[in-house]
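The values are calculated or read from the model by the stated rules, or taken from the named source; none is laboratory data. Just so we're clear, the structure is a prediction, and the values are computed from it rather than from any experiment. Virtual Cβ from ideal backbone geometry, glycine too; neighbours counted across all protein chains shown.
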Amino acid sequence: MSHPGRVAVAMSGGVDSSTAAAILMEQGYDLVGFSMQLWDQRRNDAGAGERASGRCCSLEDVYDARSVAARLGFPYYVLNFQREFEHSVVRNFIDSYRRGLTPSPCVQCNSHLKFDHLLAMAEEVEASHVATGHYARVERDPDTGRHVLRKGRDAAKDQSYFLFGLRQEQLSRALFPLGEMAKRDVREAARRFGLEVADKPESQEICFVADGDYAGFIERHHADVCGPAGKDDPFPAGDIVDSSGRTLGRHRGIHRYTVGQRRGLGVAHSTPLYVVSLDPGENRVVVGERSELGRRRCRVVDPNWVSCDAPAGPLRASVKVRSRHPEAPATITPRHDGSLEVEFDQPQLAVSPGQAAVFYHGDVVVGGGFLSASGPD
């Protein structure tokens, strides 16, 4: 049986999770802290024998998390989930780029790893809830009985996009102490609590790619994560073509490109060119002018309706197709195969297969899914 005042809190070693823990402690909760060891940063060889360090899973982060727990006076444990993380997040990341997709590893990690394992650990320590430092809010709708996911109050820091995959069971036991706060207030609170991490720099978006070089990471780790490719080149070169199929140049592997990309194409043209689409079947990168980037319709697969039941017919919502893109009004129509057709009121730029598409009604996360490489029929 869980303890009604006990909370399992995820500790990354950063200012957000540390302040979330301090706030809960001040509110009288009985805390148990957990850090998840997800990726061994020693595997990030930066070349010349040097190791690139990330902002996740480093010894410094574990040290900082442990120091915060000691200062606040609650027990703290480090959990090794490297094997699970590699299998469910890193392998998907590498495979997706090789198939011409742009993955959302933070969504995969939150939905299919962190919260699942945190809830399991909460059971082990008889905690009723789990808490994280996400900028988001969760409320219970008294009319429907469902738990509703909402944006964080600080629009610049809102992380609800990355949490759309959470299930009702997970939401019902989730606490987001920073949901009502702005980042500057979080740092000020950390100073008030005397936390040494108050001015610690922000972590990077994809924690396991320490230097931001996605292509280099994929090339270095493809064999050890996904297995040897045999005699075939896992990253074959191919043609860069325009929308009419005319060859403009050569690429060094389709994993080096994503829809909307402009830099690094290596193609001379009178006007700027962008990646319009990727054709993994023919191993081609299709480029065009900015006007060719717009998409009115797209297909979304593996939907999760987080704050409402799945709609029986068309649904109006605002749709965000990347974490940093503005939302755009659209009509979402369920399809017979379980996928969704999204039709935007106005064409949207850089709709990238593999990314998450998240649906909002105001500040409520209605649901979301993943953009498919195959468009609507």
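Please go through the range 221-243 and give me each residue that is assigned to a loop (DSSP other than H, G, I, E, B), out of contact with any His (no Cβ under 8 Å at 6 or more places or on another chain) and touching a residue at least 40 places away in the same chain (Cβ under 8 Å), ordered by number. Pro236, Ser243 - these are the residues of the range 221-243 that are assigned to a loop (DSSP other than H, G, I, E, B), out of contact with any His (no Cβ under 8 Å at 6 or more places or on another chain) and touching a residue at least 40 places away in the same chain (Cβ under 8 Å). Going through (1) closer than 27 Å to Ser291 by Cβ; (2) within 20 Å of the chain's Cα centre (by Cα); (3) aliphatic (A, V, I, L, M); (4) assigned to a strand (DSSP E or B) one by one, Val366 falls short only on (1).
A single member of Ala330, Ala317 is within 18 Å of Arg150 (Cα to Cα), at pLDDT 95 or above and part of a strand (DSSP E or B), and it is Ala317. Being at pLDDT below 90, on the phi > 0 side of the Ramachandran plot and surrounded by fewer than 14 Cβ atoms within 10 Å (Cβ to Cβ) narrows it down to one of Gly194, Gly212, so name that one. Of Gly194, Gly212, the one residue that is at pLDDT below 90, on the phi > 0 side of the Ramachandran plot and surrounded by fewer than 14 Cβ atoms within 10 Å (Cβ to Cβ) is Gly212. Scanning the range 155-179 for residues that are part of a loop (DSSP other than H, G, I, E, B) and either in the same structural domain as Ala8 (by TED's automatic domain parsing) or touching a residue at least 24 places away in the same chain (Cβ under 8 Å) (or both) gives Ala156, Lys157, Gln159, Phe164, Gly165, Leu166, Arg167, Arg173, Phe176, Pro177, Leu178, Gly179. Of all the numbered requirements in (1) at pLDDT 95 or above; (2) buried (at least 20 other Cβ atoms within 10 Å of the Cβ); (3) within 20 Å of Val107 (Cα to Cα), Leu118 misses one, and that requirement is (1).
Quick check on Asp30: is it acidic (Asp, Glu), touching a residue at least 40 places away in the same chain (Cβ under 8 Å), assigned by TED's automatic domain parsing to the domain that holds Gln82 and more than 16 Å from Pro75 (Cβ to Cβ)? So Asp30 fails the test. Within the range 125-144, if we keep just the residues that are of a type in the set (Asp, Glu) and touching a strand residue (DSSP E or B) at 6+ places or on another chain (Cβ under 6 Å), the residue that is surrounded by the fewest Cβ atoms within 10 Å (Cβ to Cβ) turns out to be Asp141. The set of residues in the range 301-332 being surrounded by 12 or more Cβ atoms within 10 Å (Cβ to Cβ) and among the hydrophobic types (A, V, I, L, M, F, W, C) consists of Val301, Trp305, Val306, Cys308, Ala310, Leu315, Ala317, Val319, Val321, Ala328, Ala330, Ile332.
Would you please name the residue that is surrounded by the fewest Cβ atoms within 10 Å (Cβ to Cβ), looking only at residues in the range 197-209 that are of a type in the set (Val, Ile, Thr) and either farther than 14 Å from Gly14 by Cα or assigned by TED's automatic domain parsing to the domain that holds Ala357 (or both)? Of everything passing the filter in the range 197-209, Ile206 is surrounded by the fewest Cβ atoms within 10 Å (Cβ to Cβ).
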